[in-house]
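Data block below; observations after.
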Amino acid sequence: MQPSIDIHGRQVPELRCPENIQCVLRREFAWHLCGVLPQTEAQEWVLLYHSSVHGLSFNTFLSKLMSSGGPSILVIKDQDGNIFGGCASQSWERHHDFYGDLKCFLFSLQPRCAIYRATGANNNLLWCAAGYTSESIPNGIGFGGQKNHFGIFLPASLDRGYGFPSVTYGNPCLSEKSSFQVDCIECWRLVSETQEQKIPAATGGTILERFKEDRNMLNMVGIADASAQ
């Protein structure tokens, strides 16, 4: 949808991370994801966790996610070069069952860009379990599907993951394989701003300037031709 006086187009959030970290999430990827986020969550994203920096410790991973609170984006790159993940609209919390709301979604970014919103078919939106000894409660974090058959699942080892088609999000297998080796994991906090803080950033620039930036981003993610049809 083209920008107008009332519709400001998708925002490109400011990605805050240390300069010495090569992040998987690029600006054009972030712009693509902002198409389904409220503008209050499309202003500033802060890197909470990066596996090459913080290691593959599940306790460290959870503490980084839980300490921030609020919505977050999980980005996974597997060793075959596929990039995909999910958006948790609520804070990550330890549970013995699924939780979450219909604002959560899954996505793929490479080799194809696609977003899979919650279908409402079930309430199996988010999964976060740690310290359980029962095989019926797998320790790890995940999105959608069913226990042991998630849309995306990272077990506590964090060195591999699993993904299957799910009716929760209407998604296909997001990796080339249902069992994949992890190359990199990132988690970004979506910093929400008040309505007063948000308005100047959302309305900056002329309509044509904002539309031009949208077109540039479409070209970068390879879907400009499709959007023009």
Only residues in the stretch 65-85 that are in contact (Cβ under 8 Å) with a residue 60 or more places away in the chain count as the first member; pair them with residues that are in a helix (DSSP H, G or I) and surrounded by 15 or more Cβ atoms within 10 Å (Cβ to Cβ), Cβ under 7 angstrom, at least 6 apart or cross-chain, and list the lot. 71/41; 72/65; 73/33
The listed residue being within 15 Å of the chain's Cα centre (by Cα) and farther than 19 Å from residue 35 by Cα, out of 154, 109: 154
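Conditions tested, residue by residue: (1) modelled with pLDDT of 95 or more; (2) more than 27 Å from residue 22 (Cα to Cα); (3) among the small types (Gly, Ala, Ser).
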position	(1), (2), (3)
110	yes, no, no
123	yes, yes, no
131	no, yes, yes
136	no, yes, yes
141	yes, no, no
171	yes, yes, no
194	no, yes, no
205	no, yes, yes
216	no, no, no
Matching residues, the stretch 125-165, being closer than 19 Å to residue 73 by Cα and of a type in the set (Gly, Ala, Ser): 129, 140, 142, 144, 145, 151, 156, 161, 163
Quick one: would you say residue 180 is modelled with pLDDT of 95 or more, more than 23 Å from residue 101 (Cα to Cα) and either open to solvent by less than 60 Å² (accessible area, probe 1.4 Å) or among the acidic types (Asp, Glu) (or both)? yes
Do you know which residues across the stretch 24-52 are surrounded by fewer than 17 Cβ atoms within 10 Å (Cβ to Cβ) and in contact with a Cys (Cβ under 7 Å, 6 or more places away or on another chain)? 52
If residue 112 passes every condition in (1) open to solvent by 60 Å² or more (accessible area, probe 1.4 Å); (2) in contact (Cβ under 8 Å) with a residue 24 or more places away in the chain but one, which one does it miss? (2)
For the stretch 53-92, name all the residues that are under 19 Å from residue 32 (Cα atoms), over 10 Å from the mean Cα position of the chain (by Cα) and either open to solvent by less than 10 Å² (accessible area, probe 1.4 Å) or modelled with pLDDT under 95 (or both). 82, 83
Checking residue 164 against (1) hydrophobic (A, V, I, L, M, F, W, C); (2) surrounded by 22 or more Cβ atoms within 10 Å (Cβ to Cβ); (3) under 15 Å from residue 180 (Cβ atoms); (4) out of contact with any Leu (no Cβ under 6 Å at 6 or more places or on another chain): exactly one of these is not met. Which one? (2)
Report every pair of residues separated by at least 6 positions or lying on different chains whose Cβ atoms are under 6 Å apart, first residue within the stretch 34-54 and closer than 17 Å to residue 192 by Cβ, second in a loop (DSSP other than H, G, I, E, B) and open to solvent by 40 Å² or more (accessible area, probe 1.4 Å). 34/10; 40/192; 40/193; 41/192; 43/193; 47/17
Can residue 133 be described as open to solvent by 40 Å² or more (accessible area, probe 1.4 Å), within 22 Å of residue 178 (Cα to Cα) and of a type in the set (Val, Ile, Thr)? no
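The values are calculated or read from the model by the stated rules, or taken from the named source; none is laboratory data. Remember, it's a predicted structure, so these values are computed and weren't measured experimentally. Please note: Cβ atoms are built from the backbone with ideal geometry, for glycine as well, and neighbour counts cover all protein chains shown. Note: areas computed on protein heavy atoms with side chains; ligands, DNA, RNA excluded. Shrake-Rupley method; radii C 1.70, N 1.55, O 1.52, S 1.80 Å.
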